[in-house]
Amino acid sequence: MNGTLIYRCTPSIAWVRDASQTLAVNEETGQSWTLRGVEAVVWDLLTAGYAYHRIVTLLALIFSLSAAEAEQTLASLLRRWQETDLVRVSEEAKDGESDHQCSV
Amino acid sequence: MHTLERYPDSNIFAIPILSKFLLYAPLHHLAALVDLTAARRLRDSLLAGAPIAHEPLNDIARLLASDAEAERAPSPKRGDFIPPFLGLLPTRGCNLACQYCGFLTPQESWQVMDLELARDAVNWYVDVTSRAGLQHVEIHYFGGEPFCAEEVVDLTVHLARTRAAEAGGTVRFEVTTNGTFSEKRCRWAADHLDTIVLSLDGPADVHDHHRPYPDGRGSFEAAARSARILSEGSADLFLRACVTSETVERLPQIAAWFCEHFRPRGVCFEPLQPSAPSRTVQLEPPDPWAFAHNFIQAARVLESHGVEPVYAAADIQARRVTFCPAGQDVAIVSPDGTVSACYLLQRDWEARGLDLRLGRVADGTVQLKADAVASARDLNVHNKPLCARCFCKWHCAGGCHVNHTPAGPPGDYDRLCVQTRIITLRNVLKAMDQHDLAWAWLQEREAVARSVCQPSDLLLDLEETP
């Protein structure tokens, strides 16, 4: 892959959060998700615009994971969210090394 | 003369208010207005241990003479070091160049807290408080501008919340900020933080004059936008305005303007703390009499809108031996890993002959020095002779240990004392629903001066009070 993978929140998703959870709703389909724990943290960092590798770093520190475990957790979560259309991924052409980047 | 040595536990005060005396015993939870004759009879009764043949007065005398009816006098911290909150300084850097700011750091020397260091500090704090059985803990962010190092804020918020939840507890987050962050970050703060203290000095002309960006542009637009967004959020919003000699007469109007445009829970007016930058641009602190007078007028405006006026030193609900984090066992972690008792700059403590370093974050934990903790605990009102006979002593506790250091004898009050004593008296009278008396008193400068300048407030010294 030569471009940058951009993970974006699906445009029709709205969310509210409090100290313990995030509630996300697809305003077109009515489908909803309650995100807690690591899912809520990833959603928060993703929507804050952190790059993929920074989310991995932060997850490792927050949940006492190795970098590999954190990366696996994030990749798995993004895959699942992509499958349920909570996030969408696109590839943007970019010179130089490839990277994953999360943005909204 | 009755000396403190003979009456070391005396916490009963008498302050003249126009033709009456305010009898004030904060540890007995008593405030009463009496005339001079009644005050003298109470004093004599307490000295002699004899009853008064006047039932209402005798009830007061009995209450004041009874140790069982009084709270214990606040005492300095002892025992294990258990911080009531963890202070984090994600960076000393800031994106503004406020005219009066003594924290200014050249951009090239900005240091951002290392993420591992931040993690270690939070883990230590949650472990210490969890072992002590605390269910609810607090993290406060100071700066610089904390959101100039937002990754540290994001990490520590999520980490502390996760760790506290594992221990069955919760975390409160408070940030002191200039509010010039993005709209997205502002909404994040409104969702995730519990208390946001936003610096906003007033309308655009005041704020932009005081708080420009380094390129000279004013920061009002960004700060006011944040204040509007935060007004709609669930976090408690406190607006904090720095008051100078130029703005002090505008406090009531600024208070009204705040209430018209935002929905803060409270508004804090703080007199300018002189610094090298403020002297350069000739910004001066307000006259303390003018500050107190205008603060009280502003307070009435705020209260009429249901907004809490804040002048922290005059909080009559407080019973404390130290006003600030120093002496409370608060641990404040700097970007370089130093753990200290104070969030001011080290050069400022050192200029006062203080070393407020408590230890360091090292080897994955916080390492404290026992002698440094003991020294910080000695910073308390019991060791401030100036405060010994002042009715405010358990509320303001002598104020900031770094910036308020008068070395005079009891009653040798300085500008901070003057404004604190006036505002505290007003707060006590307000709590007694004596609004008209408070207002009438405030209109007579000589009467206020009699109240504020008496060298001893002790009831036992009443006879010697002019």
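Some observations on this one:
- Filter result for residue B:274 (surrounded by 16 or more Cβ atoms within 10 Å (Cβ to Cβ) and part of a loop (DSSP other than H, G, I, E, B)): no
- Scanning segment B:52-75 for residues that are assigned to a loop (DSSP other than H, G, I, E, B), touching a His at 6+ places or on another chain (Cβ under 8 Å) and buried (at least 17 other Cβ atoms within 10 Å of the Cβ) yields a single hit, B:70.
- For segment B:97-135, filtering for residues that are at pLDDT 90 or above and in contact with a Lys or Arg (Cβ under 6 Å, 6 or more places away or on another chain) leaves 2.
- Extreme residue, modelled with the lowest pLDDT, among residues of segment A:43-79 that are of a type in the set (S, T, N, Q) and under 19 Å from residue A:24 (Cβ atoms): A:47
- For segment A:30-43, the tally of residues that are within 9 Å of chain B (Cβ to nearest Cβ) and surrounded by 22 or more Cβ atoms within 10 Å (Cβ to Cβ) stands at 2.
- Pairs with Cβ under 6 Å, 6+ apart, first in segment B:401-412 and more than 9 Å from residue B:384 (Cβ to Cβ), second among the aromatic types (Phe, Trp, Tyr): B:402/B:349
- In segment A:18-29, the residues that are within 14 Å of another protein chain (Cβ to nearest Cβ) and among the aliphatic types (A, V, I, L, M): A:19, A:23, A:24
- A single member of B:211, B:161 is at negative phi, of a type in the set (Lys, Arg) and within 14 Å of chain A (Cβ to nearest Cβ), and it is B:161.
- Taking segment B:354-466 as the region of interest, the helices (runs of 4 or more DSSP H) fully inside it that hold 3 or more residues being farther than 23 Å from residue B:29 by Cβ and either at pLDDT 95 or above or out of contact with any Leu (no Cβ under 7 Å at 6 or more places or on another chain) (or both) are B:370-377, B:415-431, B:435-443, B:445-453.
- Members of segment A:49-66 that are part of a helix (DSSP H, G or I), within 11 Å of chain B (Cβ to nearest Cβ) and in contact (Cβ under 8 Å) with a residue 40 or more places away in the chain: A:55
- Here residue B:304 meets the list (1) under 26 Å from residue B:139 (Cβ atoms); (2) surrounded by fewer than 17 Cβ atoms within 10 Å (Cβ to Cβ) almost entirely, failing just condition (1).
Residue by residue, here is whether (1) away from every other protein chain (no Cβ under 14 Å); (2) modelled with pLDDT under 95; (3) out of contact with any helix residue (DSSP H, G or I) (no Cβ under 8 Å at 6 or more places or on another chain) holds:
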site: B:169; (1), (2), (3): no, yes, no
site: B:173; (1), (2), (3): no, no, no
site: B:176; (1), (2), (3): yes, no, no
site: B:181; (1), (2), (3): no, yes, no
site: B:184; (1), (2), (3): no, yes, no
site: B:188; (1), (2), (3): no, yes, no
site: B:203; (1), (2), (3): yes, no, no
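- When B:219, B:234 are checked against the criterion of being in contact (Cβ under 8 Å) with a residue 40 or more places away in the chain, buried (at least 21 other Cβ atoms within 10 Å of the Cβ) and among the small types (Gly, Ala, Ser), a single residue qualifies: B:219.
The values are calculated or read from the model by the stated rules, or taken from the named source; none is laboratory data. None of these values were measured; they are calculated from a predicted model. Cβ: placed from backbone, ideal geometry, glycine included. Neighbour counts: every protein chain shown.
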